[in-house]
Amino acid sequence: MTGVTTATAVGATEGAAGGGATGRRPELTEVADGVFAYVQPDGGWCLNNAGLILSGDRAALVDTAATETRARGLREAVLSVAPAAPQVLVNTHFHGDHTFGNFVFPEALVVGHERARTEMTEAGLHLTGLWPDVEWGALELVPPALTFRDRLTLHIGDKAAEVLHLGPAHTSNDTVVWLPAERVLFTGDLVMNGVTPFCPMGSVAGSLEALDTMRALAPEVVVTGHGPVAGPGVFDETEAYLRLLQDLARQGLAEKLDPVALARRTDLGRYARWLDAERLVPNLFRAYAEEQGEPRGSRVDMSELFRRMVEYHGGLPTCHA
């Protein structure tokens, strides 16, 4: 790892910097020469990571943040190290925690998978209704203006970044950003570190295939969608959880158990310590569907799955956005 430096996101107050109820401020850390991870603790619901790539007078951003305040904190942190605002912004998928802050980077061309644009437009600001007590701010939806289907290469000064579609997995439109020279991979929410995977909108099997593809790239640094920066060992941890989902789904279907009932009797073991363990319920609904032959990425009623998850959890999961 080259020249690792860390800076906390600047802001007038803890709230302005985005520390919020977690009490921990976001950090911008250089993980390779000119490549930065922006990590928002603790990585739970809507506390995602972003990335920054610098070369000469050029800059590219990977994802933004969920609320106006957090997005403006990200912008301030980026401008503390970048010579100018990013000219390009890649969205790894359509979810609002990674895209709602696009509008605070008006200088950037927003890039995303073609389905990311479609689904972002369809979903709108729906995420804000799930946690009405969060101070979302005056959000403006800015979908990708440049879309791609399979892959493209961005040239940021003398750095090359490969933008690869690996879905359906977390969603139908997952994108990773791979810097082969620096051996750094930005995974979006295909991988989370110490945070429970979430794949009801995508595919369990597809997530496993995406892990194989990411492993084959042989990254040294893995900037996950949520949680601390990791190494390639995070792929094995994620795979083990996903295979558990498949095993549980086969067992539940054989015993004719509802996914919520199965979740209630399941001992998650070490995965119970991961953040947002209640995601087991919607994940099981997807695993059940796949075991019964449903296509990967098929539409589900996320409002109903969220309701069932809240029922299992005993209340609305905590969101510190």
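The values are calculated or read from the model by the stated rules, or taken from the named source; none is laboratory data. Computed from a predicted model, the values in this text were never measured in an experiment. With ideal geometry, Cβ positions are generated from the backbone for all residues, glycine too; neighbour counts draw on all protein chains shown. We work out accessible area using only protein heavy atoms, side chains counted, and drop any ligands, DNA or RNA first. Shrake-Rupley method; radii C 1.70, N 1.55, O 1.52, S 1.80 Å.
Could you please let me know if Val260 is without any contact (Cβ under 8 Å) to a residue 60 or more places away in the chain and of a type in the set (Val, Ile, Thr)?
Values: without any contact (Cβ under 8 Å) to a residue 60 or more places away in the chain: yes; of a type in the set (Val, Ile, Thr): yes.
Here the answer is yes, as Val260 does meet what is asked.
Got a number for residues in the range 104-126 being part of a helix (DSSP H, G or I) and either within 16 Å of the chain's Cα centre (by Cα) or among the basic types (Lys, Arg) (or both)?
5
Any residue in the range 102-119 that's surrounded by fewer than 20 Cβ atoms within 10 Å (Cβ to Cβ): show its pairings with residues that are in a strand (DSSP E or B) and of a type in the set (A, V, I, L, M, F, W, C) at Cβ separation under 8 Å, as long as the two are six or more apart or on different chains.
That search, which allows pairs on different chains as well, returns Leu109/Val88; Leu109/Leu89; Leu109/Leu146; Glu114/Phe148.
Could you check the range 51-93 and list, in sequence order, the residues that are part of a loop (DSSP other than H, G, I, E, B), open to solvent by 10 Å² or more (accessible area, probe 1.4 Å) and either under 24 Å from Arg115 (Cα atoms) or in contact (Cβ under 8 Å) with a residue 40 or more places away in the chain (or both)?
Scanning the range 51-93 gives Gly56, Asp57, Ser80, Val81, Gln87.
Given Val163, Val222, Val177, which one is at pLDDT 95 or above, in contact with a Leu (Cβ under 8 Å, 6 or more places away or on another chain), farther than 29 Å from Glu122 by Cα and in a strand (DSSP E or B)?
On the way: Val163 fails: farther than 29 Å from Glu122 by Cα; Val177 fails: farther than 29 Å from Glu122 by Cα.
Within the list Val163, Val222, Val177, the selection yields Val222.
Does Arg243 fit the bill of being without any contact (Cβ under 8 Å) to a residue 40 or more places away in the chain, of a type in the set (D, E, K, R) and touching a helix residue (DSSP H, G or I) at 6+ places or on another chain (Cβ under 8 Å)? Walk me through how you get there before you give the answer.
Working: without any contact (Cβ under 8 Å) to a residue 40 or more places away in the chain: yes; of a type in the set (D, E, K, R): yes; touching a helix residue (DSSP H, G or I) at 6+ places or on another chain (Cβ under 8 Å): yes.
The answer is yes for Arg243.
Select, from Pro168, Pro144, Pro200, the only residue that is in contact (Cβ under 8 Å) with a residue 24 or more places away in the chain, assigned to a loop (DSSP other than H, G, I, E, B), more than 15 Å from the chain's Cα centre (by Cα) and surrounded by 21 or more Cβ atoms within 10 Å (Cβ to Cβ).
Details: Pro168 fails: more than 15 Å from the chain's Cα centre (by Cα); Pro200 fails: more than 15 Å from the chain's Cα centre (by Cα).
Going through Pro168, Pro144, Pro200 in turn, the sole match is Pro144.
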